[in-house]
1. Kindly indicate whether residue 172 is in contact with a helix residue (DSSP H, G or I) (Cβ under 6 Å, 6 or more places away or on another chain), assigned to a loop (DSSP other than H, G, I, E, B) and under 16 Å from residue 265 (Cβ atoms).
2. Working carefully through the options 68, 79, 59, find the one that is touching a residue at least 12 places away in the same chain (Cβ under 8 Å), crowded, with 19+ Cβ neighbours inside 10 Å and on the phi > 0 side of the Ramachandran plot.
3. For region 241-265: of the residues being within 28 Å of residue 11 (Cβ to Cβ) and crowded, with 18+ Cβ neighbours inside 10 Å, which is modelled with the highest pLDDT?
4. Any idea which of 19, 48 is surrounded by fewer than 18 Cβ atoms within 10 Å (Cβ to Cβ) and either within 30 Å of residue 217 (Cα to Cα) or modelled with pLDDT under 95 (or both)?
5. With respect to residue 62, is the statement that it is in the same structural domain as residue 115 (by TED's automatic domain parsing) and within 23 Å of residue 132 (Cα to Cα) true?
6. What pairs come up if the first residue lies in region 118-139 and is at positive phi, the second is modelled with pLDDT under 95 and in a loop (DSSP other than H, G, I, E, B), and their beta carbons are under 7 Å apart, counting only those six or more places apart or on different chains?
7. What are the residues in region 82-117 that are crowded, with 19+ Cβ neighbours inside 10 Å and free of Cβ contacts under 8 Å to residues at least 24 places away in the same chain, if any?
8. Can you tell me which residues in region 1-40 are in contact with a strand residue (DSSP E or B) (Cβ under 6 Å, 6 or more places away or on another chain), more than 28 Å from residue 172 (Cβ to Cβ) and assigned to a loop (DSSP other than H, G, I, E, B)?
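The values are calculated or read from the model by the stated rules, or taken from the named source; none is laboratory data. Worth saying up front: this structure is predicted, and the values here are computed from it rather than measured. Quick reminder, even Gly has a Cβ in these numbers, built from the backbone with ideal geometry, and neighbours come from all protein chains shown.
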């Protein structure tokens, strides 16, 4: 958390809030957030004087596009951005501040301190970690049924860990994999190579529709997620299984079960998502 819908929502709000703003200086209060290939001091020096052109997204990463430079930001568990006036009090756990020449600031707050920032010259950012090995975007036209199957349908691993692997499909995390598998009526422990053609069709459609609906709702506010304007997402009110342990299934009224798959807490309806045969 956040996953693709939340990062996409942050991207959209940040464009309205920071596009066209010129960075006067940068304050880095927690140096380990700044990742190679630059050091914190280089990071601040390199950004000073540059103007934000737009904000893009690749999977769960935000790409803040400046004139000649790309800032690649991963929010991890609880990272968030806000735009504030320079004279407003700075919240606890604010680790990086971008000071604009119009008297406003873009502030990055991260209670758990897992977020990362990389800085690249434009054009280099897709050639180096962390973006160079990312898989296909599930909301792009290239994410076809055949593209999904080409990546996964020969694999013997359980389908859920495969969907969580960002080298196959980007942006999917625990919430939306659980929701998509429920919509597709597929048990998360089913080996990918046992899925039938109709199940691949349902899974492809459920991934796209679940993510699209979540983006439309502004994402899901779990823990501390808010968008760039401090507003909560609303998709959590539409969850079919995630976070609904022991509550009745919205389809068959059987209780939702929770267990662990690949080290991740997993929610299913045992009736709608039959367990794989021995």
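1. For residue 172, the condition - in contact with a helix residue (DSSP H, G or I) (Cβ under 6 Å, 6 or more places away or on another chain), assigned to a loop (DSSP other than H, G, I, E, B) and under 16 Å from residue 265 (Cβ atoms) - is met.
2. None of the others qualify; the one that does is 59.
3. Only one residue tops the list, namely 241.
4. None of the others qualify; the one that does is 19.
5. yes
6. Correct list of pairs: empty, since none qualify.
7. 105
8. 21, 29, 30, 38
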